[in-house]
1. Other chains near B:85-92: what is the mean number of their Cβ atoms within 10 Å of each residue's Cβ?
2. Grab the beta carbon distance between A:Lys1 and A:Ser70, set R0 = 25 Å, and tell me the FRET efficiency rounded to 0.05.
3. Please name whichever of A:Phe64, A:Gln96, B:Gly41 sits farthest to the positive end of the charge dipole of the protein assembly as shown, dipole taken about the Cα centre and charges placed at Cβ: Lys and Arg +1, Asp and Glu -1.
4. Quick one: which residues, 5 or more positions from B:Val94 or on another chain, have an amide H under 5 Å from its amide H? H modelled 1.01 Å from N in the peptide plane, none for Pro or chain starts.
5. What full-extension length gain, to one decimal in nm, is calculated for B:Asn3 and B:Asn67 as 0.36 nm per residue of separation minus the Cα-Cα distance?
6. For labels at B:Val20 and A:Gln96 in the simple 7 Å Cα→Cβ model, what's the distance in nm?
7. Could you work out the relative contact order of chain B? I mean the mean sequence separation of Cα pairs under 8 Å and 6+ apart, divided by the number of residues, in percent.
8. So, in nm, how far is label A:Thr80 from label A:Leu11 when the simple model puts each one 7 Å beyond its Cα toward the Cβ?
Amino acid sequence: KAGVTQTPRYLIKTRGQQVTLSCSPISGHRSVSWYQQTPGQGLQFLFEYFSETQRNKGNFPGRFSGRQFSNSRSEMNVSTLELGDSALYLCASSLQGNSYEQYFGPGTRLTVT
Amino acid sequence: GENVEQHPSTLSVQEGDSAVIKCTYSDSASNYFPWYKQELGKGPQLIIDIRSNVGEKKDQRIAVTLNKTAKHFSLHITETQPEDSAVYFCAASVAQAGTALIFGKGTTLSVSS
């Protein structure tokens with residue numbers, strides 16, 4: 001069974017621009033969570049989607065948003081990029097909305113210049 | 001807010017030795033505690049997990065112990081091998097927040113042959 005896939009793997013953007021990242025969960029998994037990983041703050045929860053609905057949101061500004069499609073694929077969007085948004089963005093999928101076991105993708109490395 | 005402390009931040013062992021990584025958590029309502037291994041350029045890989053109704057779980061050379069009273073949990077790796085070298089993260093579930101996880105800051109394990 002294929003794992004979690006994320007596209008693109010690497011991205012360079014300029015401050016002020018916006019970016020959209022994509023995540024395809026493991027086949028059959030219906031819950032998708034997004035995390036930001038930086039050397040200083042570590043892994044931080046952004047938000048979780050289940051059945052096309054955002055169920056939980058971490059402590060990030062409104063510039064960070066996401067959505068989930070009927071096939072469970074998810075996208076996250078960051079608007080008005082800041083230098084501090086440079087990070088590895090990780091997507092994790094789990095089987096159901098109440099399943100804690102999460103499997104991560106390889107991440108998208110975003111660099112903001 | 002909820003917090004997970006992880007120690008040590010770096011750990012160097014000789015091949016064949018044991019390695020122990022310890023975490024403490026603050027939210028007494030947390031009931032799921034996974035451990036992830038992250039290799040360079042890859043996403044975190046779930047290696048073992050434990051739920052609050054279990055005190056210990058073992059999978060080959062890897063074991064996790066949980067002390068709910070003290071809010072401590074630990075990862076034990078026996079007979080370490082060079083391929084165990086990676087960054088290890090502990091995490092804890094967040095009560096009332098779906099499948100969101102709070103992560104420790106990570107332990108860089110180096111196994112020398």
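Here, each number is a calculation from the coordinates, and none is a lab measurement. Given the structure is predicted, the values throughout are model-derived calculations rather than measurements. Cβ placement follows ideal geometry from the backbone for every residue including glycine, while neighbour counts extend to all protein chains displayed.
1. Values: counts 0, 0, 0, 0, 3, 0, 4, 0.
Mean partner shielding for this stretch: 1.
2. Details: r = 20 Å, r/R0 = 0.81.
Efficiency at R0 = 25 Å is approximately 0.75.
3. Value: A:Phe64.
4. B:Ala100, B:Ile102
5. Values: separation 64, 0.36 × 64 = 23.04 nm, distance 1.64 nm.
Here the answer is 21.4 nm.
6. If labels sit at B:Val20 and A:Gln96, their model points lie 3.8 nm apart.
7. Details: 286 pairs, mean separation 41.5, N = 113.
Over chain B, the number comes to 37 percent.
8. Computed distance between label sites A:Thr80 and A:Leu11 equals 1.8 nm.
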